[in-house]
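Report on the structure given below.
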Amino acid sequence: MTQRLVIIGAGMASGRVIEHLVEDAPDAFDITLFNAEPRGNYNRIMLSPVLSGEKTYADIVTHDDDFYARHNVTCRFGEHVIRIDPEMKVVEGQNGHVPYDKLVIATGSAPFIIPVPGKDLPGVITYRDLDDTNAMIDAAAKGGKAVVIGGGLLGLEAAAGLRERGMDVTVLHLMGHLMERQLDPAAGFLLKQDLERRGITVKTQASTKAILGETRAEAVLLESGEVLDADLVVMAVGIRPETRLATDAGLSVARGIEISAQMMTSDPDIFAVGECVEFDGQLFGLVAPLYDQAKVLAKSLMAEPAAFVPRELSTKLKVTGCDLFSAGDFAEGPNREDIVFRDPGRGVYKRLVIEDDRLVGAVFYGDTSDANWFMGLITSAEDISDSRDTLIFGPAFQGGAPVDPLAAVAALPDEAEICGCNGICKGQIVKAIEGGATDLGAVRAQTKASGSCGTCTGLVEQVLAVTLGDAFQMPAAQPMCGCTDLTHEDVRRLIKSQELKSMPAVWQAGAWKTPDGCHVCRPALNFYLIADWPLDYKDDPQSRFINERKHANIQKDGTFSVVPRMWGGITNPRELRAIADAAEKYNVPTVKVTGGQRIDLLGVKGEDLPAIWADLNKAGLVSGHAYSKGLRTVKTCVGTDHCRFGTQDSTGLGIKLEQALWGSWTPHKVKLAVSGCPRNCAEATCKDVGVICVDSGYQIGVGGAAGMDVKETERLADVPTEAEAIEITVAFVQLYRENAKYLDRPYKWLAKVGLDWVRARVVEDLSERKRLVEAFELSQSIYRKDPWAEHAKTKAERYQPLADLTKEAAE
Amino acid sequence: MSWLDLGALDDIPARGARKVKTAMGCVAVFRTADDAIFAIADRCPHKGGPLSEGIVHGHGVTCPLHNWVISLETGEAQGADSGRVPTYKARVEDGRVLLEMAAFQRAEVA
Ligand SMILES: Cc1cc2nc3c(=O)[nH]c(=O)nc-3n(C[C@H](O)[C@H](O)[C@H](O)COP(=O)(O)OP(=O)(O)OC[C@H]3O[C@@H](n4cnc5c(N)ncnc54)[C@H](O)[C@@H]3O)c2cc1C
Ligand code: SF4
Ligand code: FES
């Protein structure tokens, strides 16, 4: 018989319960799911990457409308449950009653708000759900100062995210060091240093007295009398279980809703799961135990035996560049001993806490690579007296000699937990592999391992390697070049997160093995630094390929080709005359019309470059950047001006786009085209950005190619106005500049990040679009200049030989 | 031994090169990041690419045409490629770049 199951709260715990139920007992329950938030289940722990801009909401949705529809879950999202009547077995929502046979309370917890004056002012935000996250993103778009009250996990992730979005951030923490529940003072100090290095001010032992402001938060007053200006105040001081419904319904509640090991409350038809519960005097604030609870609860609902056993917890901080791990218990005690290792040069700190020859706690900062191995020792509580001397050096040094790093993974028992977020142990992964999953993606799809925060990806790969043996190809993350082990993506992240603003800084931080890089990494670094720090970094011509250094295309015989810009492919007799004159004067052997509607003068001698440029400049012509990793051409058709089919002024739009984008540096060359109607005479559907004008407006396609690969564009957006078409194009180019690997054309980059990811930023998220456009304009204010004019005037000397010895040698 | 003053060290950008025209073809004079000066023929042993236009790194240069890497110290192609570029003596004195003339004069005689 189908039972009516009502679930209150669509959070991380209940989402997992529903999954178990629909998988193991698809017809047993008729589920109604209430959620106070106007949306269904999503991965709450990924709100921090959403805040920092690394992910979007769409990326973190765990169950979509389709899922609920497929499994007949009745969704009442945006509706609070206001009462439970255990006598009548009904739940009262804001929009009406629902009877239940079984009820699950999964209301999570509510952020704690310190009761200071001003706590209710607009501009004071807590950090709990997507709405809070969006509110912070909006506030950050206006810039200004943020004060984050609370230096725990949440507060620091909020601070890092806001800083990443450009706010001036101060963290206030009541205790003597950050994350005092997870870290000891020494690790807290390193964390503080790291945060300060990225521009976040940290004040410890800072107690908030009041939030000041008339109509909205303007400042924070400390007990010490100090006043900190604040446009935004984030309160992240802690959470308390959301138990009001349970208390009102007369259930047994201590700090949380009290439950049995079967997740049952004091009423046998009511269960509870997640942060709202208390078990054995213990509360739960991380997802791993909640997932265990969810598994047990699903079994209890299906009347199968199961019991919840709390386990050791570990913590990682999701702030890019802060490598921190803490597990177990590291409070001081009479029979406890510490083993501490420090390497101040590398900013590495490790501490193990040992009690009765067993590892009970571990804190690592700066190097967390062996964290899972130590976590395993804590969980297994095995006797470590034999390996005590070398314990701190990790699994590689056990047994005297360095061992195969895979041996440690091979030795793990099947119950060893690999993915903490999803509670996946080694045995489950091995089973999936034996069932045919041969790569990370497949393991992730089948088991969810490494699908959440991703810190266990390496470990999952090692399990793959151990299980598959030679059949496994470790997906070699290709280093940038022989000078470093880092990938392009790593380097881009490093530059942003550590605010590296010069090439030597990157060489240092990225442990380059060469004194000054090579021809592969230097042009890439030069671009990354220009793209990320247009104001602070100074372009390095010596790190550019000759074409960009000399602003002309080198040809096979060492001569150069010169292509003036011809906006949107339009020219006039005067310009043509100037080009013809220049061709004659400098004995240009070949004059050719290019595929991008420009005129190419081929075979110009290096020494003549400044002179021919000066002549062309005089006629108003500037460099066409036909040589650059930058905007090349915007090809157009004639559109409404002359064509009987044209729907819009395609030539005009092409010119406007070219004028907006010219002179910008990009990861690879960028080509555009605009066609006046779907007949597409400008071949816009195989360009990096191609616009097709239609009666209703503009269709913008991106990611086309017609080179080594031939690819059609994919539709990014349809917009009604020319202004919007330009804005979206500029935002797209800037997003590409900020994120792509050097020498990846947009289509390659799109294949990596996905069109949806791009669309969410440049089309849907208007504030992000605006930010991108502004960032692009800022860079253009410095880098958009005609290099020909500049070089012809000030650098012509450099184009001449240093000396001419032809005569001396003849003497 | 006769040395010819080519110009000031700063006439050559660090990690860069300038060409010197000679009767035997162009010589590329390099200045590396550590301000060492090297002179080698400006012709890549592969297909004659102008080495003076390449990216300079360490004591080597990458040819701009097909990315062969040439040692500025020995003139030898690096890695899997083989071939060699004539090298000449050059040095810096009081901020001036000096090139030894003997090679060119001998060549003239030969
Ligand atoms: C920004 C952030 C980062 C985090 N990072 C990590 C991390 O890295 N690692 C980790 O392990 N944990 C992390 N956590 C903690 C983790 O998200 C929580 O432990 C987990 O989400 C709790 O799950 P839950 O299902 O109990 O409650 P929740 O996920 O909070 O869900 C409860 C839901 O119930 C709804 N609800 C409440 N009352 C009612 C009502 N009366 N009627 C209807 N609906 C109601 C709420 O709106 C909410 O949607 C993080 C939390 C946040 C906020
Ligand atoms: S694309 Fe359409 S508007 Fe443009 S020239 Fe061709 S037919 Fe005319
Ligand atoms: S000519 Fe130098 S690498 Fe080919």
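The values are calculated or read from the model by the stated rules, or taken from the named source; none is laboratory data. Remember, predicted model here, so these are calculated numbers, not experimental data. Neighbour counts are summed over all protein chains in view; Cβ atoms, including those assigned to glycine, are modelled from backbone coordinates with ideal geometry.
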Do we find a residue being surrounded by fewer than 19 Cβ atoms within 10 Å (Cβ to Cβ), β-branched (Val, Ile, Thr), away from ligand 3 (no atom under 16 Å from the Cβ) and away from chain B (no Cβ under 14 Å) anywhere in the stretch A:574-587?
no
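Can you confirm whether A:Ile18 is under 13 Å from A:Asn72 (Cα atoms), within 14 Å of ligand 1 (Cβ to nearest atom) and crowded, with 24+ Cβ neighbours inside 10 Å?
Criteria met by A:Ile18.
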Checking A:Ser781 against (1) of a type in the set (Ser, Thr, Tyr); (2) within 14 Å of chain B (Cβ to nearest Cβ); (3) exposed (fewer than 13 other Cβ atoms within 10 Å of the Cβ), which test does it fail?
(2)
Does at least one position in the stretch A:216-239 carry a residue that is part of a loop (DSSP other than H, G, I, E, B), of a type in the set (Ser, Thr, Tyr) and modelled with pLDDT under 95?
yes
Checking the conditions here, which among A:Ala288, A:Ala254, A:Ala327, A:Ala294 is within 13 Å of ligand 1 (Cβ to nearest atom), surrounded by fewer than 24 Cβ atoms within 10 Å (Cβ to Cβ), closer than 28 Å to A:Gly155 by Cβ and small (Gly, Ala, Ser)?
A:Ala288
Could you pull out the residue among A:Asp516, A:Asp536 that is more than 10 Å from every other protein chain (Cβ to nearest Cβ), assigned to a loop (DSSP other than H, G, I, E, B) and more than 20 Å from B:Pro50 (Cα to Cα)?
A:Asp536
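How about the stretch A:475-505: which of its residues are away from chain B (no Cβ under 14 Å) and either under 16 Å from B:Gly58 (Cα atoms) or in contact with a Leu (Cβ under 8 Å, 6 or more places away or on another chain) (or both)?
Across the stretch A:475-505, the qualifying residues are A:Pro475, A:Pro479, A:Leu486, A:Val491, A:Leu494, A:Ile495, A:Leu500, A:Lys501.
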I'd like to verify a number: residues in the stretch A:206-237 that are buried (at least 18 other Cβ atoms within 10 Å of the Cβ) and among the hydroxyl-bearing types (Ser, Thr, Tyr), how many?
1
Need pairs with beta-carbon distance below 6 Å; first residue of a type in the set (Ser, Thr, Tyr) and within the stretch B:56-68, second more than 16 Å from ligand 2 (Cβ to nearest atom) and at pLDDT 95 or above; sequence gap 6+ or separate chains.
B:Thr62/B:Gly54; B:Thr62/B:Ile55
Being surrounded by fewer than 22 Cβ atoms within 10 Å (Cβ to Cβ), among the β-branched types (Val, Ile, Thr) and within 12 Å of ligand 3 (Cβ to nearest atom) is true for just one of B:Val61, B:Val69, B:Val92. Which residue is that?
B:Val69
So, restricting to strands (runs of 3 or more DSSP E) that lie completely within the stretch B:34-110, which ones have at least 2 residues that are not β-branched (Val, Ile, Thr)?
B:37-41, B:90-93, B:96-100
Return a yes/no flag: does the stretch A:680-697 have any residue that is over 30 Å from A:Leu525 (Cα atoms) and of a type in the set (Lys, Arg).
no
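So that you can scan it fast, the table gives a plain yes or no per residue for (1) surrounded by 17 or more Cβ atoms within 10 Å (Cβ to Cβ); (2) in contact (Cβ under 8 Å) with a residue 12 or more places away in the chain; (3) not acidic (Asp, Glu):
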residue: A:Arg761; (1), (2), (3): yes, yes, yes
residue: A:Glu764; (1), (2), (3): no, no, no
residue: A:Glu768; (1), (2), (3): yes, yes, no
residue: A:Val773; (1), (2), (3): yes, yes, yes
residue: A:Asp786; (1), (2), (3): yes, yes, no
Is at least one residue of the stretch A:80-88 within 15 Å of ligand 1 (Cβ to nearest atom) and basic (Lys, Arg)?
yes
Of everything in the stretch A:158-187, what is surrounded by fewer than 23 Cβ atoms within 10 Å (Cβ to Cβ), touching a residue at least 40 places away in the same chain (Cβ under 8 Å) and in a helix (DSSP H, G or I)? Give them in sequence order.
A:Glu164, A:Ala186
Residues (closer than 24 Å to A:Lys102 by Cα and of a type outside the set (A, V, I, L, M, F, W, C)) located in the stretch A:33-49:
A:Asn35, A:Glu37, A:Pro38, A:Arg39, A:Gly40, A:Asn41, A:Tyr42
Members of the stretch B:1-30 that are part of a strand (DSSP E or B), more than 7 Å from chain A (Cβ to nearest Cβ) and charged (D, E, K, R)
B:Asp5
Give the number of residues within the stretch A:188-207 that are touching a residue at least 24 places away in the same chain (Cβ under 8 Å) and more than 25 Å from the chain's Cα centre (by Cα).
5
A:Leu301: surrounded by 21 or more Cβ atoms within 10 Å (Cβ to Cβ), at negative phi and over 31 Å from the mean Cα position of the chain (by Cα), yes or no?
yes
State whether the residues of the stretch B:68-76 include one that is at pLDDT below 90, over 19 Å from B:Phe104 (Cα atoms) and facing another protein chain (nearest Cβ under 8 Å).
no
Evaluate the following for B:Lys47: is it closer than 21 Å to A:Asn547 by Cα, within 11 Å of another protein chain (Cβ to nearest Cβ) and not aliphatic (A, V, I, L, M)?
yes
